[in-house]
Amino acid sequence: MGVFTTAGELAAIRTSGRIVSEALDEVAAAVKPGVTTAALDAIAERAIVRRGGTPAFKGYRGFQHALCTSMNDEVVHGIPSPQRALQAGDIVGLDLGVIYQGFYTDHAATVPVGEVDVASQKLIAASREALTEAIKLVSPSLQLGTLGARIQATVERHGFAVVRDLVGHGLGRQLHEEPKIPNFGEEGTGAFLKPGMLIAIEPMVTAGKYPVQLDDDGWTVRTADGSRSAHFEQTVLVTNGRPEIITPYGPHLKH
Ligand code: MG
C-alpha cells in the first residue's frame, strides 16, 4: 500500500494527475458521432506523451492501448478499434492512466455521444453523483465498508445497481495496490483510510442487474443482461483535512 507524504512524491503525483486529467478532457472533447474508438485512443496517447507522461495501460498485462473505450452495455476495459465508430445515442466510458516519474494516476468518465435517451442521461448522472458524494467522505476516519455502502446507496436510490466483480483500488507506485475499494458494503466495517494514501474510487453502475461477463477478447467486461453501464473514476489523496482530488474533471467534463 502506498502512503505518500514527501513534497517530492506529492509534486510528482499532482503532475501525473494533471496530465491524466488534461488528457481525458482532450479525449472527451473529441467524442462525436463518426469518430472511431481507435481515434480516441490515439488522441489519449498523444495527449499523455506530449505532456511528459507515459500511458499506464499500454503494455499492462498485454493491453495494447492507452485508453479503454467501453460502449453502452460494456462496463470497463473495452478495446479501441478502427472498425468501431461512435453513433449518436451511444454512451462511451473513457478510462486511462498515466505514469509520471514513477507515479500512477487513474481516471475515467462516461460521456454521451450526441443526443442520448433520458434513461442513459440519468445513468450517467447517478454514477457521477455517487463518485462525487463518495469523495466528500474521504478522511482518515472513514472505513472502506462505509464508503462502499454510501456509493451503493446513492446508486440504488436512483434505481440502478453497482457492479460487484470489479472494485476501486489503491495506487501510486503501481497501477493497482491495496486496499481494494468496493462500491458496495456495510456501514461501519472495513479498514480505515490513512493520511497520504492514494486511492482510485470508481463506481461501475448498471441500468439493469449487476452481474457482468467477460468477452472472448479477454478484456471487455459487459453487463450480463445487456443493460447499459456507466463508470466514473478519480484518483484521490487522503489527507488529515479535506481530500485532494488529484484528477479533477476538465472543462469538457464539467456540468
Ligand atoms: Mg482504476
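The values are calculated or read from the model by the stated rules, or taken from the named source; none is laboratory data. Predicted model only: the values in this text are computed from it and were never measured. Positions of Cβ are generated from backbone atoms using ideal geometry, with glycine treated the same way; all protein chains shown enter the neighbour counts. Ligands, DNA and RNA are stripped out before the accessible areas are found, and what is left, the full protein with its side chains, is counted by its heavy atoms. Shrake-Rupley method; radii C 1.70, N 1.55, O 1.52, S 1.80 Å.
What the table shows:
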| quantity | calculated |
| --- | --- |
| Charged-residue dipole, Cβ positions (Lys, Arg, Asp, Glu), the chain about Cα centre, Debye nearest 20 | 560 debye |
| Average accessible area per residue (Å²) across the chain - probe 1.4 Å, nucleic acids and ligands excluded | 42 Å² |
| Inter-probe distance in nm under a simple model that places probes 7 Å from Cα toward Cβ, at residue 186 and residue 165 | 2.5 nm |
| Summed residue charge, Cβ within 12 Å of residue 153's Cβ, Lys/Arg positive, Asp/Glu negative | -3 |
| Eligible lysines near residue 194 by straight Cα distance, threshold 22 Å, same-chain separation 8 or greater | 136, 180 |
| Accessible-area composition of the range 7-249, carbon plus sulfur, in percent [1.4 Å probe] | 52 percent |
| Of 59, 93, 102, the one that fluctuates the most in a GNM where the chain has Cα springs shorter than 10 Å | 59 |
| Mean separation of Cα contacts under 8 Å (6+ apart) over length of the range 2-80, as relative contact order % | 22 percent |
| Extension reserve of the residue 3-residue 139 stretch, reckoned as 0.36 nm per residue once the Cα distance is removed | 47.6 nm |
| Packing-based ranking, highest mean first, of 240-247, 150-157 given that Cβ atoms within 10 Å are counted | 150-157, 240-247 |
| Average Cα contact separation per residue, the range 160-250, under 8 Å, 6 or more apart, as relative contact order % | 28 percent |
| The range 220-255 versus the range 135-175: alpha-carbon centroid distance in Å | 10 Å |
| The range 67-124, relative contact order in percent, only Cα pairs under 8 angstrom and at least six apart counted | 31 percent |
| Positive-pole candidate from 206, 141, 153, dipole of the chain, charges at beta carbon | 141 |
| Where a label projected 7 Å from the Cα of residue 240 along Cα→Cβ would reach, residues of the range 138-176 with amide N under 15 Å | 139-141 |
| Label-point separation, residue 121 to residue 158 (7 Å along Cα→Cβ), nm | 1.3 nm |
| Dipole of the chain, positive direction: furthest Cα of 175, 240, 69, with charges on the beta-carbon | 240 |
